[in-house]
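J.: Before we start, here is the structure in question, set down as structure tokens.
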Amino acid sequence: MNTYRPPLDDIRFAFETFDFDGQLGGIEKFSDFDLDTCMTLLEQYAKYCADVLVPLNKKGDDVGVKFDPATKTVALPDGFKEAYQGFCDNGFLTIPWNPEYGGMGAPVAVSTMAGEVLIAANKAFSMCSGLTTGLIEALEAHGSEEQKAAYLPNLISGVWSATMCLTEPQCGTDLGLISTVATPDGDSYLLSGTKIWITFGEHDMVDNIVHLVLARLPDAPPGIKGISAFIVPKVLEDGSRNPIFCGGTDHKMGIHASPTCVMNLENARGWMVGEPNRGMRSMFVMMNAARLNVGIEGVALGEAAYQAALMFAKDRRQSRSLDPAKQDRSASADNILVHPDVRRMLLEVKSTNEALRGLVAWIAVAADVAHHATDEAVRERAEDLVALLTPIIKSFGSERGFHNVSLAMQVCGGAGYTKDWPIEQYLRDVRIAMIYEGTNHIQALDLVGRKLPMHGGRLLRVFSDEITNAIRDSAGTPEMAEFLEPLKAEAKRLTATTMELGGKLPTDPELLGAIASNYLNQFALVTLAYVWVREAKAALGRPDGDPVRQSKLQCARYYMQMVLPEAAAYAAKVAVGKGVVTDIDVDLL
């Protein structure tokens, strides 16, 4: 059942709230891309996703991919290749890229928000272009001019796709254990080793797949400091087949139409990207792009599940309202929307999901400012916000997204657990988001261990300034009091938690591992409260009878009173410290 409609109105509202035109209008590069123009582009993009990709979503889940061990090839479900070709023919892959290589040159913020629509329409399909995006960014940052000329036009147009080859059988997150070897051979290298969990490592939608592979030179130092990055194309320039082959596909809980491959490199020819033993620099460019997109997966499938649950709730009748005034005497039972717990679940999803969308819009615009603003102070501030909040979006976005899809299933009762409704697929598809591109605990370690102390705490000060400015700007509006007071209280609590940790973590690294995940969730809840203050203020600027105004204030009120209090619980968990986690008898587990 097709229940998804792209939330373009809310995307526009988020862009307006976080001053899309004001922040990007002063950047000459984007002179042709005001918000009206960008929303027109997004409307075309969303129509293609809704008309073409949504109908393929269930089919892809039911059929899955097919691996042929004789030819070492992977076939996607019928219709995917044609849909991909149409996607490319419409220029949707080109949106944010450099016109010099065939890109449209639009703000990254536009393609970021388009990504939500693409993922919600067909998450498995979206993963191919998502990996290609990451390699384009890595080559723009660290590729040679020759590499850019050779690869970017075909990657940007979608004629070729890309992968990120990190993980090996003996190592996942701990990339220092990588054993794939790259042996010099003239002006290139021969790579040998095995990579696992490679998304779209082999498929039939394009003729050439370009792999960014992490490997070691023969004389590389041990650990993370001995890793180099290499471009390894499936098809070489002379048309011959490079010996990087698919050894099989994984059988997964979800994303059945996205091939997750074992890739064997058998003296495959590759070219180094960047400098020897510094491959993590280019890989992290690709990884950071992927982490933002993974957080958006939670928003996307949370939205799609919400729409399905709301449609169900509007139609389903069961039991009588506990309030006689709300009972429908013309029917034998009341619509389940009258039941407080159904409303609670729907508001829980809507209030957190719209706040996460606002957070993504804020950081997406900041990413454009960070890359293109000419004022150094403005650019640095934007860079700090992107760096600080990317792990928040990845971790909390994916975690809350899964929770929200589960709540949407609960609204539908037994029907939600069946394939008659799409929510059970959304639940399976979104679960991986908490695991890949760095598990959520890795994001928490990054936030607490790297981002908080970075530049002497500057990133946190920038974030605190944002909260202070939002409170000050709204202090003269009486209607904002109910939103400002909860934010003030929890921001103060977050500061106290952070200060307490600042005195302990330098002398007790194990404490970091014990408290990081709870701290990230506390931080995330305060961040979303800030987003709601900004959005509530923007909503109050609309006429009294405007439904957007009413909806936003209703959601902001629910979030502040029913969701934000969770931050205090996470603060209490952080305060417990490490002993209850670390000082145990593991034989009793």
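The values are calculated or read from the model by the stated rules, or taken from the named source; none is laboratory data. The model shown is predicted, which means the values in this text are computed figures rather than measured ones. Cβ placement follows ideal geometry from the backbone for every residue including glycine, while neighbour counts extend to all protein chains displayed.
J.: Suppose we keep only residues that are in a helix (DSSP H, G or I) and free of Cβ contacts under 8 Å to residues at least 12 places away in the same chain within the range 458-487. Which one would you say is surrounded by the fewest Cβ atoms within 10 Å (Cβ to Cβ)?
T.: Looking at the filtered set, the residue picked out is Pro478.
J.: Working only within the range 432-486, note down all residues that are under 30 Å from Pro259 (Cα atoms) and of a type in the set (Asp, Glu).
T.: Glu437, Asp446
J.: Which of the numbered conditions does Ile196 fail, given that it passes all the others? Conditions: (1) at pLDDT 95 or above; (2) β-branched (Val, Ile, Thr); (3) surrounded by fewer than 24 Cβ atoms within 10 Å (Cβ to Cβ); (4) not in a strand (DSSP E or B).
T.: The failed condition is (4).
J.: Turning to a different aspect of this structure: Inside the range 296-307, can you point out the residues that are crowded, with 24+ Cβ neighbours inside 10 Å and touching a Pro at 6+ places or on another chain (Cβ under 9 Å)?
T.: Within the range 296-307, Glu303, Ala304, Ala305 meet the criteria.
J.: When the range 229-251 is examined, which residues are found to be basic (Lys, Arg) and in contact with a helix residue (DSSP H, G or I) (Cβ under 8 Å, 6 or more places away or on another chain)?
T.: Once the filter is applied, which keeps residues that are basic (Lys, Arg) and in contact with a helix residue (DSSP H, G or I) (Cβ under 8 Å, 6 or more places away or on another chain), the range 229-251 yields nothing.
J.: Filtering the range 221-238 down to residues that are among the small types (Gly, Ala, Ser) and modelled with pLDDT of 95 or more, which residue is surrounded by the most Cβ atoms within 10 Å (Cβ to Cβ)?
T.: In this case the residue turns out to be Ala229.
J.: Now, a different point. Name, by its number, the condition in (1) part of a loop (DSSP other than H, G, I, E, B); (2) more than 20 Å from Asn154 (Cβ to Cβ); (3) of a type outside the set (Gly, Ala, Ser) that does not hold for Asp238.
T.: Exception for Asp238: condition (2).
J.: Still on this structure, please answer the following. I'd like the residue in the range 577-589 that is touching a helix residue (DSSP H, G or I) at 6+ places or on another chain (Cβ under 8 Å) and β-branched (Val, Ile, Thr) and, out of all such residues, is nearest to Thr497 (Cα to Cα).
T.: My answer is Val581.
J.: A further question follows. Considering only the range 499-522, state which residues are under 20 Å from Gly456 (Cβ atoms) and outside any helix (DSSP H, G or I).
T.: Listed by number, the residues that qualify are Gly503, Lys504.
J.: Just the residues that are surrounded by 13 or more Cβ atoms within 10 Å (Cβ to Cβ) and over 17 Å from Asn518 (Cβ atoms), please, taken from the range 562-589.
T.: Result: Met562, single match.
J.: Just to be sure, is Val213 without any contact (Cβ under 8 Å) to a residue 60 or more places away in the chain, assigned to a strand (DSSP E or B) and of a type outside the set (Ser, Thr, Tyr)?
T.: Yes.
J.: Run down Met280, Met286 and say which single residue is touching a strand residue (DSSP E or B) at 6+ places or on another chain (Cβ under 9 Å) and either buried (at least 20 other Cβ atoms within 10 Å of the Cβ) or part of a strand (DSSP E or B) (or both).
T.: Met286 is the lone residue from the list that is touching a strand residue (DSSP E or B) at 6+ places or on another chain (Cβ under 9 Å) and either buried (at least 20 other Cβ atoms within 10 Å of the Cβ) or part of a strand (DSSP E or B) (or both).
J.: Follow-up question, since we're still on this one. Does the range 174-189 contain any residue that is surrounded by fewer than 16 Cβ atoms within 10 Å (Cβ to Cβ), at pLDDT below 95 and not in a loop (DSSP other than H, G, I, E, B)?
T.: Looking for residues that are surrounded by fewer than 16 Cβ atoms within 10 Å (Cβ to Cβ), at pLDDT below 95 and not in a loop (DSSP other than H, G, I, E, B), one finds at least one in the range 174-189, hence yes.
J.: Quick check on the range 161-173: of everything there that is among the hydroxyl-bearing types (Ser, Thr, Tyr) and outside any strand (DSSP E or B), which residue is nearest to Ala268 (Cα to Cα)?
T.: Thr167
J.: Among the helices (runs of 4 or more DSSP H) confined wholly to the range 1-112, which include 1 or more residues that are closer than 30 Å to Asp250 by Cβ and modelled with pLDDT of 95 or more?
T.: 35-48, 54-63, 80-89
J.: Could I ask something else about it? Looking at the range 429-450 only, could you name the residues that are part of a helix (DSSP H, G or I), among the charged types (D, E, K, R) and buried (at least 23 other Cβ atoms within 10 Å of the Cβ)?
T.: The one that is part of a helix (DSSP H, G or I), among the charged types (D, E, K, R) and buried (at least 23 other Cβ atoms within 10 Å of the Cβ): Asp429.
J.: Being without any contact (Cβ under 8 Å) to a residue 40 or more places away in the chain, more than 30 Å from Pro324 (Cα to Cα) and among the β-branched types (Val, Ile, Thr) narrows it down to one residue among Val378, Val365, Val338; which is it?
T.: Val378
J.: Something else: I'd like the full set of residues that are touching a residue at least 60 places away in the same chain (Cβ under 8 Å), surrounded by fewer than 22 Cβ atoms within 10 Å (Cβ to Cβ) and among the hydrophobic types (A, V, I, L, M, F, W, C), limited to the range 504-531.
T.: Leu511, Leu512, Ala514, listed by residue number.
J.: May I pose another question? Quick check on this structure: which one of Ala536, Ala470, Ala514 is touching a helix residue (DSSP H, G or I) at 6+ places or on another chain (Cβ under 6 Å), under 19 Å from Val386 (Cα atoms) and not charged (D, E, K, R)?
T.: Matching residue, one of Ala536, Ala470, Ala514: Ala470.
J.: Let me ask something else about it. Taking the range 151-186, which residues are in contact (Cβ under 8 Å) with a residue 24 or more places away in the chain and more than 27 Å from Tyr436 (Cβ to Cβ)?
T.: Selection gives Pro153, Thr183, Pro184, Asp185.
J.: Moving to a separate point now. Out of (1) touching a strand residue (DSSP E or B) at 6+ places or on another chain (Cβ under 8 Å); (2) surrounded by fewer than 22 Cβ atoms within 10 Å (Cβ to Cβ), what's the single condition that is false for Pro340?
T.: (1)
J.: Further question: Could you say which residue among Arg329, Arg281, Arg343 is free of Cβ contacts under 8 Å to residues at least 12 places away in the same chain and in contact with a helix residue (DSSP H, G or I) (Cβ under 8 Å, 6 or more places away or on another chain)?
T.: Selected residue: Arg343, the only one of Arg329, Arg281, Arg343 that is free of Cβ contacts under 8 Å to residues at least 12 places away in the same chain and in contact with a helix residue (DSSP H, G or I) (Cβ under 8 Å, 6 or more places away or on another chain).
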